[in-house]
Amino acid sequence: MRYLVTGGSGYLGTHLVYQLFASENEVVVFDDLSGHLNTKFPSPIKQIHGSIANPKDLAGLSNFGPFDGVFHLAAKKSVTESLSDPDMYWKVNKDGTANVLNLCSKFGIKRIVATSSAAVYGASTGPNLIDENDSVNPTNTYGETKAAAEVLINAASSSGEISSLLLRSFNLAGATKPEFFDKQGENVLPIIMRSIAEGLRFEIFGGSFETPDGTCVRDYVNVSDVADAHIKAMEYLMLSDIGIQDTANIASGEGVSVKELVGLISRIIGKDLEYLIGDLRPGDAAYSIGSNLKAMDIFNWMPSRGIAAIIEETASAYGLKFGM
């Protein structure tokens, strides 16, 4: 199979591309290299520089097809940045998705697996698992743009032009190799690891949430498992009629609070972490834990790595030794 992977040089994209390549697929990576990682792949994997926000850049892919399917990962993903520069987020995440769908129509590509986000659900105040039937009610620009992109993809599927699966990923973490890890990420694990590496106290954003220990609870899913979910989703589409459209959470189904995470990291690296309680960040929910039952049902996916393995992989990416 020959696949196009937009955003393939990023954190998730790198893991996905190498997994596809290992299975003897032909892979074309399309990326504007605006992220932190910007992986350089071996020569059999073709890398094309360009932005999904620029239709002319996408048109240049005509020389590298035909494609059996598209993995659409390219997006801006910082909640903080989305609030300060919303126009860029709408241009890339929404308009860029429209451009990718136009590319599919022009090139006759009939299958797309798109990375969405748990951010489309918005705030959750209770510990109940979020499932795909819960309302879409994003609380920040990033979530709004991802929800808008979902609408565009679903509309294309409803028209019978394409088959699609939207994967609402929860908190990606871990890495198969240290060089595949986004060390500048804004999620809590890279923030903690940077604090340890730099000898700084870790700041917990908010200690008064209505959770057992006052800190927010999140669902962490290994990035390799997320890449595997994308591949299984595409395999499902390949066996289905054109016009299929569906949405699935990619989650562990388990919640870990920030204080629990600090405790786990302390035990794994053998060193007590110092932390302070800071102010709440705008838009942070008390809970965000996803049900993964639908992904299991539709394309037989389930996570294979737990939080301990995720922490060990992340610590290794920062050169931290265990039991020090």
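Here are a few things to note about the model shown:
- Treating r as the C-beta distance of GLU26 and ILE242 and R0 as 22 Å, the FRET efficiency rounds to 0.50.
- Student exercise, the chain dipole from Lys, Arg, Asp, Glu Cβ charges, in Debye to nearest 20: 660
- Ellipsoid semi-axes for the chain, based on the Cα gyration tensor and the rule √(5λ), read 32, 21, 18 Å when sorted largest first.
- All Cα pairs of segment 57-166, percent lying beyond 17 Å: 56
- All distinct Cα pairs of segment 111-225 go into the 1/r average, and the inverse of that average, the Kirkwood radius, is 16.5 Å.
- Interchain or long-range residues, amide H under 5 Å from ILE130's placed H: ILE289, GLY290, SER291
- Convex hull volume per residue for segment 1-118, taking Cα atoms only, in Å³: 99
- Accessible area (Å², per residue) of the chain, counting only protein heavy atoms and a probe of 1.4 Å: 43
- DSSP H segments from the chain that extend 20 Å or more along their own axis, Cα-based, with Kyte-Doolittle mean of -1.0 or above: 141-158, 223-238
- Of LYS76/LYS146; LYS77/LYS259; LYS56/LYS91; LYS76/LYS294; LYS177/LYS259, pairs whose Cα-Cα distance is over 20 Å: LYS77/LYS259; LYS76/LYS294; LYS177/LYS259
- Placing R0 at 35 angstrom, the Cβ-Cβ distance between SER158 and ARG2 gives a FRET efficiency of 0.85 after rounding to 0.05.
- Sparse packing (at most 12 other Cβ atoms within 10 Å of the Cβ) combined with a DSSP loop state is found for the following GluC sites (Glu not before Pro) in segment 198-242: GLU198, GLU210.
- Distance between segment 1-39 and segment 273-308 - C-alpha centres, whole angstrom: 24
- Dipole magnitude (debye, nearest 20) for segment 251-324, charges at Cβ of Lys, Arg, Asp, Glu: 140
- Range of Cα positions in segment 210-324 per principal axis (Å), largest first: 54, 33, 20
- Computed in the context of the full set of protein chains, the accessible area of the chain at 1.4 Å probe radius has 49% of its extent on carbon or sulfur.
- Mean sequence separation of contacting Cα pairs (under 8 Å, at least six apart), scaled by the length of the chain, corresponds to a relative contact order of 20 percent.
- Qualifying GluC sites (Glu not before Pro) in segment 243-324, DSSP loop, other Cβ atoms within 10 Å at most 15: GLU274
The values are calculated or read from the model by the stated rules, or taken from the named source; none is laboratory data. Remember, predicted model here, so these are calculated numbers, not experimental data. Counting neighbours? That spans all protein chains shown, and the Cβs are built from the backbone with ideal geometry, glycine included. Ligands, DNA and RNA are stripped out before the accessible areas are found, and what is left, the full protein with its side chains, is counted by its heavy atoms. Shrake-Rupley method; radii C 1.70, N 1.55, O 1.52, S 1.80 Å.
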